[in-house]
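Everything on this sheet refers to the single structure shown next.
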Amino acid sequence: MTIRVVLADDQALLRKGFRMILDAEDDISVIGEAADGEAAVHLVELYQPDVVLMDVRMPVLDGIEATRAVTASGSMTHVLILTTFDLDEYAFSALRAGASGFLLKDVPPPELTQAIRTIAHGDAVVSPRITKRLLEEYAHNLPDLSEGSADDDAMPAVLGGLTSREREVLIAVAEGLSNVEIGERLFVSEATVKSHVGRVLAKLGLRNRVQAVVFAFQTGLVRPS
């Protein structure tokens, strides 16, 4: 299967560099380029690509609002944010808007292509540990979803639909554990962990593991260290 990609960046030189890298891959095809967020959203509507490489800072419509528009449309397109700094509030906002992860613009080509393949298969490519760094940096900006708790030990009402095992899995995801590591902690198979993660995402209406980490912090299930 060929992975169809749209490049969205206001710098033509960067788009050209990314295209050269991706066109060298047998299983990746760049089907469109956009110089602003509005054009990126239009290309997604037109071509329904598998992945959009989305710069956060673009004219007309920035990458955050463009990401929000893509995810709100119900499109199956996955958004991979491109940013200059690994602790970037714009990238963080884009994750909250529904992006599947972010990469630095100077990412080595093999990491870029692997990230695209990972995202195309529905997984998030941001390391949960890096996501935690973002959350810890900007936790004060998170809306509080912990209402409904009588005390610090009570379970937030929004988590009431999860089983105890699903809450354990959510905590482990938020702590940055991989499926293999979660399986080792809970003494279950990796396939079982994947099943639990899928149910957690479905029950909470979340798009991916990155949003699950954000959610765990918003509810107070996990707190910044």
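Here, each number is a calculation from the coordinates, and none is a lab measurement. Quick caveat: nothing in here was measured; it's all calculated off a predicted structure. Cβ coordinates were reconstructed from backbone atoms using ideal geometry, including for glycine residues, and neighbour counts include every protein chain displayed.
See the values below:
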item: Residue-wise HN-Hα coupling along segment 41-51, computed from phi with Karplus coefficients 6.51, -1.76, 1.60 (Hz; x: Gly, Pro); result: 4, 4, 5, 5, 4, 6, 10, 6, x, 6, 9
item: Pairwise FRET efficiency - residue 60 versus residue 27, Cβ, R0 = 30 Å, nearest 0.05; result: 0.40
item: Under-5 Å amide H pairs with residue 222, H placed in peptide plane, nonlocal only; result: 217
item: Karplus-derived HN-Hα couplings along segment 7-19 (A = 6.51, B = -1.76, C = 1.60, θ = phi - 60°), whole Hz, x at Gly and Pro; result: 9, 10, 7, 7, 9, 4, 5, 5, 4, 4, x, 5, 4
item: For residue 81, distant residues with modelled amide H under 5 Å away; result: 54, 100, 101, 102, 103
